[in-house]
Amino acid sequence: MTRSAALTITRFTFGEYTSPSRTKSGGVAYFHGSKYWLLREERTEVPSDEVLSDYGTQSPRGPFERADFGDRERLSWACGACSMQQDAQLTYWGQDYVLWFEGAWLCAVHASRSTVVRLSLPIAAGKVESSMLCEGSLYLTTRRNIVVLAIADVEHLFDRSSGSADVYAREIYPLRKPEAKVTMQVGWSWGEELSLQNPHGGWSALTIPRVPGLDRGDLVTLHHMLATDQFLEYSIGGGPRQPLYEHTFPAEHAGLQELRVEPAIDPAGTLVRASTAVRGEDLGRVFALLADEPDEEAARMVVVDLLEEAGEPYAPVFARLLAGDETARGDALGTLASYLEDVEWLGNLPRAATLAATAPLDEEIGDVVLADHRLGFFYSLRLGDGNFRLYSKLVAAPSAAGLRHVDGSRLQTLKALIAAGRTQLRRLSNVKFVTREVIEALADPTFDRVLEIETETSAAVVDRLLDYIARDEAKFFARVPRHLVLVERANDVDALAKPAIAAWPRLPLHKLTIGGVTLGREGIASALPGVSDAMRAIVATRFRIEDAAQ
């Protein structure tokens, strides 16, 4: 089977970390027990002066670039790009090839091809921590194993088509000791496994499959060591030895495995660089009109016409949206869809969104996204759990001409908004009045049209916050008729009612909202459905309450 196999892979399992080293004779050795041994099934010692030092040497990575792409990573090269799992260890050779593993899949890319090869393996390599190339073979080191495969086998996969391929996999246990035995004590059970520990104390633990009849505190003797943390058999109380596993060790696996030779799919989609032919000032004015009057049909049509006139490839998708085709939403945002979540639509156009926690941080892609004219559709863009540095760039992007509602939780964001001249904002959410720098930034004329400010507080500190607002040393609140919205961190909104009403006469505010009740200067408080009776009773001592629609 080894002669006809498309790929042969050998896994040397040690049960502990050990790394390979080249020998002067062209072989490969590993270090264990203060000695070097040839990497083969039988133990053959190698004199230390025959071992070459490869520490710190790495194969050139070739023309490949990797970058963060949220919950995945993006690997790109001259003629393609694909996604891969985060923190994958890449192994390069020949200036043209790169290989990595995703679970039991071997993945590889060639620098001159726009395809990705993925081959299912009968055994998992594990998380690769380092790699070495020697005599045409790759030696990949994981926490427990050294995995060996021939680079020629991998290279030949690029000449095949998707389907199946013969794979021969062999497991070898260089530290195997059939005569070894050790007595351990059951510590705990978890699912189908038992954790064992040294009954005499000290640090020593390993895991075995669940054994019927064994409970916490019981002693069990393990026999026939395969690797440092793996045994083949067990016995209880001097009884007969019994197998721990249904299958045999070492094992050989030979047979057909799934092979995929597929076009490389860029996780960023087709990166659409903003057209330079678009009439930017006209587009900005129309986006601004659309933000303030979202039902203005003429503005909706003109925006799409301007995008179409500029040759933006997504313009026809927005034409479908205007025609009422909701199925077009999935194609409307392109690469932006990787950056935004919880997208809200109004009139079948994107209106609000939150920066995704998994938004890519790749600067090259980010520059394209920042210039994307589709940002102009968004009236509201929230930070959520996203990266605040990326968020600061997005809300300050010239293309985001329709923004009226953003988060002001970071000084960096406020400074970016000021630098961008974002003077049309109407609401700042999650504002934190924490430092003089923040207060000075908020007092900038950039925010003179901001009417609503939302901030989070708690019952324990709300008095201090209200005193600070009453002093209004930077004249931020009194400059324009501001509406302050207080959010209680523990959702105990009723606890804010008494201190807020007591402070109300001296607050330089036009309106104040607490727990669904909005206080006004005319002595009337509007209450949304669901306001508690306790809140109503407190507010009613000073205000006439009118019910407001949801």
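What follows draws every value from the coordinates through simple rules; no lab data is involved. Being a predicted model, the structure only gives us computed values, none of them experimental.
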Cα-Cα pairs in the range 350-457 separated by more than 20 Å, as a whole percent of all pairs, come to 33
So how many Å³ per residue does the convex hull of the Cα atoms of the range 177-243 work out to?
88
Tally the DSSP beta bridges in the range 7-172 and give the antiparallel ones as a percent, rounded to 5.
90
Step by step: find N for the range 228-369, compute 2.2 N^0.38 Å, then divide the Cα radius of gyration by it. What's the final number?
1.91
Whole Å is fine, so just give me how far the alpha carbon centre of the range 222-267 lies from that of the range 144-189.
9
Rounded to the nearest 500, what is the 222 nm mean residue ellipticity of the chain from helices alone, with -39500 (n - 2.57) per DSSP H run of 4+ residues and division by all residues?
-5500 deg cm²/dmol
By a straight-distance test (C-alpha under 17 Å), which lysines pair with Lys24 as possible cross-link partners, with residues fewer than eight away in the same chain excluded?
Lys35
Considering only the chain, what is the antiparallel percent among its DSSP beta bridges, to the nearest 5?
75
Equivalent-ellipsoid semi-axes of the range 332-381, from the Cα gyration tensor, Å, largest first:
19, 12, 8
Spread of Cα-to-Cα distances over 5 Å intervals beginning at zero, given as percent, for the range 294-378
3, 13, 26, 26, 18, 10, 4, 1
Amide H partners (placed H, <5 Å) of Gly269, local residues excluded
none
May I have the convex hull volume per residue, in Å³, for the Cα set of the range 340-547?
131
Considering only DSSP beta bridges whose two residues both sit in the range 406-550, what percent are antiparallel, to the nearest 5?
25
Provide, for q = 0.14, 0.19, 0.20 Å⁻¹, the log10 of I(q)/I(0) from a solvent-free Debye sum over equal Cα point scatterers in the range 427-550.
-0.57, -1.05, -1.16
Which angle between 0 and 90 degrees, to the nearest 10, do you get for helix 297-309 versus the longest principal axis of the chain when only C-alpha atoms count?
40
Per the Cauchy relation, a quarter of the hull surface: what is the mean projected area of the convex hull of the alpha carbons in the range 1-144, in nm²?
10.0
Based on the inverse mean of 1/r over its pairs of different Cα atoms, what is the Kirkwood hydrodynamic radius of the chain, in Å?
29.2
extent check for the range 351-410: Cα max minus min per principal axis, descending, whole Å, gives 26, 24, 17
For the range 67-124, what is the convex hull volume of the alpha-carbon atoms per residue, in Å³?
81
